Amino acid sequence: MLLPLVAGAGWGTATASWTAIAALLIAMAIDLVFGEPAARWHPVVWVGRGLGWAGQRIAPDADAGTAPEGRDLPRFAAGAAYWCVGAVAVLGVAGLWQYAAAQLPPVFAACLLGLALKPMLAWRMLRDEVLAVEAALGTSLAAGRSQLGRLVSRDVAQLDAAAVRESAIESLAENLNDSVVAPIFWFVLLGLPGAALYRFANTADAMWGYRGVRQGRVWEWAGKWAAHADDVLSWLPARITGVLIGLAAGRGMRWAALRAEAGRTPSPNSGWPMAAMALALGIRLSKKDVYTLNGTGRAPVQADVQRAAGLCRQALLAHLLLAISTMVLTILMET
């Protein structure tokens, strides 16, 4: 946690841990009060632009007929190589930022680290965007579909109101892991470079990790490395997120049922928070022709979106307490 870059720059490891705790609290405070920085200042936006540029060079044009059938190992290798170059660049920048912070007094270092950590977290934006879907549904079904289209990549044109709510709640649960729980997990484990690497991997998966054609390009092999890298880095945080949602529900959730439902999705990870949310609320969550979670549950209603946001808030608070407790325990073990 903040490992040698901080501890080796003149601070004891206990000081580094207290600084990490302060940085995490500062980052969450900035997120809650100010939300997301403008796009021109947002590191994740910069990463996305770089990935977009690279994606045009590794994924073949679907209309050009250049994508071979079967295995396309050259495209896979190119995707892996570009991903690794990007990951090294992100790790380098984050490591240098962390090292620079370590040259400052701990109070200033915490502020600098918190400022850099904030763009890796997006709880306020996630909550606001999901609640905006329900608010838009109150205006019209078309408005709800349009607002949902900002959150998900699926076709929303034919969704009814219940399906719009299902998609919004699924996105809330899944992105609680991607946008909050997992970055905090990797920050506690590996400091700012860990959080930055995870955010890079998750962004790469969101842009490249598709089967078949997306936006006119064939991603089956070009994005395979990015998809699997995100699966690896999200594996444990996704399960933590599912458990935290279950604990927040406080309804004696059957963990065997959670494991069974989580396995119904094609993704090895996203099913955990989504299944936990479905079971916690007693609702059905589904994607047509892909999966159905808690199939015996009822269709979600207006109040369920607010309830889902409340459960996520409680799960996030529990995760923060867990993260801080882990760092405090590290301090106690080192003194």
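No value in this document is a laboratory result; all are computed from the given coordinates. Only a predicted model underlies this, so the values are computations on that prediction, with no experimental measurement involved. Cβ sites come from the backbone with ideal geometry, for glycine too, and all protein chains shown count toward neighbours.
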Which length gain, in nm to one decimal place, applies between residue 61 and residue 247 when the Cα-Cα distance is subtracted from 0.36 nm times their residue separation? 62.4 nm
What is the distance in Å between the Cα centroid of region 44-121 and that of region 132-209? 19
When the chain is fully extended, how far beyond the present Cα-Cα distance does residue 150 get from residue 326, taking 0.36 nm per residue of separation? 59.8 nm
What does the highest-first list of 262-273, 320-331 look like by mean Cβ count within 10 Å? 262-273, 320-331
Cα gyration tensor, region 68-203 - rounded (a/c under 1.5), prolate or oblate: oblate
Would you work out if region 196-335 is rounded, prolate or oblate? Take a ≥ b ≥ c from the square roots of the eigenvalues of the alpha-carbon gyration tensor; rounded if a/c is under 1.5, else prolate when a/b is larger than b/c, oblate otherwise. oblate
Taking the structure as given and computing Cα extents along the principal axes in Å, which label from [x] 59, 52, 38; [y] 59, 52, 33; [z] 55, 45, 39 fits? [x]
Among 20, 272, 101, the residue whose Cα sits farthest towards the positive end of the charge dipole of region 3-334 (+1 at Cβ of Lys and Arg, -1 at Cβ of Asp and Glu, taken about the Cα centre) is 272
Please report, in debye to the nearest 20, how large the charge dipole of region 32-92 is about its Cα centre when each Lys and Arg carries +1 at its beta carbon and each Asp and Glu carries -1 there. 220
Residue 259 to residue 71: extension gain in nm, 0.36 nm per residue of separation minus the Cα-Cα distance? 64.5 nm
Charges on Cβ only, +1 for Lys and Arg, -1 for Asp and Glu, centred on the Cα centroid of the chain; of 221, 297, 76, which one is farthest towards the dipole's positive end? 297
Taking the Cβ of residue 238 as the center, what net charge do the other residues with Cβ under 13 Å away carry, scoring Lys and Arg +1 and Asp and Glu -1? -3
Would you calculate the separation in nanometres between label points at residue 33 and residue 296, each defined as 7 Å from the Cα along the Cα-to-beta-carbon direction? 4.9
Per the helix-only model, the chain has a calculated mean residue ellipticity at 222 nm (DSSP H runs of ≥4, -39500 (n - 2.57) each, divided over all residues, rounded to the nearest 500) of -23000 deg cm²/dmol
Mind putting a number on the dipole of region 3-334 about its Cα centre? Charges go on the C-beta only, +1 for Lys and Arg and -1 for Asp and Glu, and I need it in Debye to the nearest 20. 300
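Which of the three applies to region 5-159, rounded, prolate or oblate, going by the alpha-carbon gyration tensor with a ≥ b ≥ c and a/c under 1.5 meaning rounded?
oblate
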About the Cα centre, charge dipole magnitude for region 130-237 (Lys/Arg +1, Asp/Glu -1 at Cβ), debye: 300
Which order do the peptides 126-132, 137-143 take when ranked by the mean count of other beta-carbon atoms within 10 Å per residue, highest first? 126-132, 137-143
